[in-house]
Amino acid sequence: MRSALADATGDRLELDAYLDDFDRHFWHAGGAGFWKLERQQTFREPGVKSWEAFIRGEWGNALSLISEQRGHYEGYFRKIADHGFGLHRVRVAEEPIVPYLQWELHLLRLKEQCGEDTRVVGLSDIALLESDGALPEIAIIGSSVLYEIIYDGDGNLTGGIKYTDSGVIAECKRIILDLYESGERLSGFFGRRVAPLPPPAMHHLQT
């Protein structure tokens, strides 16, 4: 995937421009849907109340705040369905599961219950794809727009690189679809590997 993007020309968008452009395209995904590949194991989510509780070490409060979002996400995914598309995600999960990912998988489980379609893959599933470097963070809207999502070294969102070349989009989507087909449904993975975990240890939290 890295090589496909390296051979293409993309437009670097700073954060505000990326968010505006993304929002302009998102609700027009159509039957091809929205596909996301998440590779990094840790991000920062300033402004997200449940993440902020998690990073303070308030695990029970973080989970409660996630649960309180159910109504919001039920409405959000109804709106997505009304616009005629689905939201699909492939999440790479390394083991042992790091604290951020443990938190995020609780959030993704709620989203799944409300309508998101998520599959989980491990390092062995992506090993051959990472011979030229770690897989990028990718979002594909429909069949006409692909973003490589850019984060800084601390995991803060800083913008994206927009690609519109149909061949590049098709190749990256093929890779994501292959991973999706080989992945495990989040519900099963969550029950086996996430639900039994104790609260993350405070000294492991990244601030």
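The values are calculated or read from the model by the stated rules, or taken from the named source; none is laboratory data. No experiment lies behind these values; they were computed from the predicted model shown. A quick note on method: Cβ atoms are made from the backbone with ideal geometry, for glycine too, and the neighbour counts reach across all protein chains shown. SASA here: full protein model, heavy atoms, side chains in, ligands and nucleic acids out. Shrake-Rupley method; radii C 1.70, N 1.55, O 1.52, S 1.80 Å.
Of note:
- Percent antiparallel among DSSP beta bridges (both partners in the chain, rounded to 5): 70
- Measuring nothing but protein heavy atoms, the accessible surface of the chain at 1.4 Å probe radius is 50 percent carbon and sulfur.
- Heavy-atom accessible area per residue - segment 109-170, 1.4 Å, Å²: 39
- Segment Ala32..Gln113, full-extension length gain: 27.0 nm, with 0.36 nm per residue of separation and the alpha-carbon distance subtracted.
- Which of Arg78, Arg89 is most accessible, then next, and so on - probe 1.4 Å: Arg78, Arg89
- Positive-end extreme of charge dipole, segment 57-207 - chosen from Gly142, Gln69, Thr118 (charges on Cβ): Gln69
- Annotation: amide H-H contacts under 5 Å for Gly86 (H modelled 1.01 Å from N, sequence separation of 5 or more, or interchain): Gly33, Phe34.
- Here the Gaussian network model covers the chain, with springs between Cα atoms less than 10 Å apart; of Ala139, Ala127, Ala62, Ala127 fluctuates the most.
- Semi-axis lengths, Å, the chain, gyration tensor of Cα atoms, sqrt of 5 times eigenvalues: 27, 20, 18
- Phe22 contributes about 40 Å² of solvent-accessible surface, heavy atoms of the protein only, 1.4 Å probe.
- With the simple spin-label model, which puts each label point 7 Å out from Cα in the Cβ direction, the His72 to Ser143 separation comes to 3.4 nm.
- Using a simple spin-label model with pseudo-atoms 7 Å out from Cα toward Cβ, Arg174 and Glu130 lie 2.3 nm apart.
- Mean-position separation - Cα centroids, segment 1-72 and segment 97-168, in angstrom: 8
- Each residue of segment 144-153 is assigned a 3J(HN,Hα), and the resulting list reads 10, 9, 10, 10, 8, 7, 10, 10, 7, x Hz, derived from the Karplus form 6.51 cos²θ - 1.76 cosθ + 1.60 (θ = phi - 60°), x at Gly and Pro.
- Taking Gly60, Gly155, Gly47 as the candidate residues, the one with maximal mean-square fluctuation in a Gaussian network model of the chain, Cα springs under 10 Å, is Gly47.
- Kirkwood hydrodynamic radius of segment 94-191, Cα pairs, Å: 15.1
- For the pair Asn156 and Leu15 in one chain, pulling the backbone fully straight at 0.36 nm per residue adds 49.7 nm over the alpha carbon distance.
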